[in-house]
Amino acid sequence: MAGTLFGGKKPRIVEINGVPIEAELNPFMLFVCNQDKPGFIGSLGVTLGNAGVNIASFNLGRTAPGADAIALVSLDQVVGADVLEKVRALPHVTQVMPLRF
């Protein structure tokens, strides 16, 4: 993982596991590893929305089209274990981890 400070005071993640990404740190985040396939972003959004979880921001990175990808999703609240299991069950997901900052 690599990070930087923008303007000397705004921390951001700029790389995870060799995948370039740019994301501000927020109190409630979801880290998702997946295969870059059509429809994944929509499925993730629908899954979170159906659980009443609001997405504050959505940051994506991938190594190449159709290859490994990551999403850092900022949320307005903590995600429960039941929601995490639903996200893990989505096609093409390889890892899901809630983050708190």
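The values are calculated or read from the model by the stated rules, or taken from the named source; none is laboratory data. Everything numeric in this text was worked out from a predicted model, so none of it was measured. Cβ placement follows ideal geometry from the backbone for every residue including glycine, while neighbour counts extend to all protein chains displayed.
Of all residues in segment 36-80, those satisfying the criterion of being loosely packed, with under 14 Cβ neighbours inside 10 Å, part of a loop (DSSP other than H, G, I, E, B) and either touching a strand residue (DSSP E or B) at 6+ places or on another chain (Cβ under 8 Å) or among the β-branched types (Val, Ile, Thr) (or both) are Asn54, Gly66, Ala67, Asp76, Gln77, Val78. None of Gly45, Gly80, Gly7 is on the phi > 0 side of the Ramachandran plot and not charged (D, E, K, R) except Gly7. With the structure loaded, tell me whether Pro11 is farther than 16 Å from Phe101 by Cα, surrounded by fewer than 15 Cβ atoms within 10 Å (Cβ to Cβ) and touching a strand residue (DSSP E or B) at 6+ places or on another chain (Cβ under 7 Å) or whether it fails that test. The answer is no for Pro11.
Go through segment 66-101 and give me each residue that's within 20 Å of Ile16 (Cα to Cα), out of contact with any Pro (no Cβ under 7 Å at 6 or more places or on another chain) and basic (Lys, Arg). Within segment 66-101, just Arg88 meets the criteria. Say whether the condition of being touching a helix residue (DSSP H, G or I) at 6+ places or on another chain (Cβ under 8 Å) and at negative phi is met by at least one residue in segment 17-32. Checked segment 17-32: at least one residue is touching a helix residue (DSSP H, G or I) at 6+ places or on another chain (Cβ under 8 Å) and at negative phi. Among the numbered conditions (1) modelled with pLDDT under 95; (2) surrounded by 15 or more Cβ atoms within 10 Å (Cβ to Cβ); (3) of a type in the set (A, V, I, L, M, F, W, C), the only one that Phe101 does not meet is (2).
Yes/no per residue for (1) without any contact (Cβ under 8 Å) to a residue 60 or more places away in the chain; (2) within 15 Å of Met1 (Cα to Cα); (3) not small (Gly, Ala, Ser):
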residue: Glu15; (1), (2), (3): yes, yes, yes
residue: Leu25; (1), (2), (3): no, yes, yes
residue: Phe28; (1), (2), (3): no, no, yes
residue: Phe40; (1), (2), (3): yes, no, yes
residue: Thr47; (1), (2), (3): yes, no, yes
residue: Arg62; (1), (2), (3): yes, yes, yes
residue: Ala81; (1), (2), (3): yes, no, no
residue: Pro91; (1), (2), (3): yes, no, yes
residue: Gln95; (1), (2), (3): no, no, yes
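Selection of segment 81-101 for residues being part of a strand (DSSP E or B) and closer than 11 Å to Phe28 by Cβ yields Pro98, Leu99, Arg100.
Residue-level check: of (1) buried (at least 18 other Cβ atoms within 10 Å of the Cβ); (2) of a type outside the set (S, T, N, Q); (3) under 13 Å from the mean Cα position of the chain (by Cα), Val83 misses just (3).
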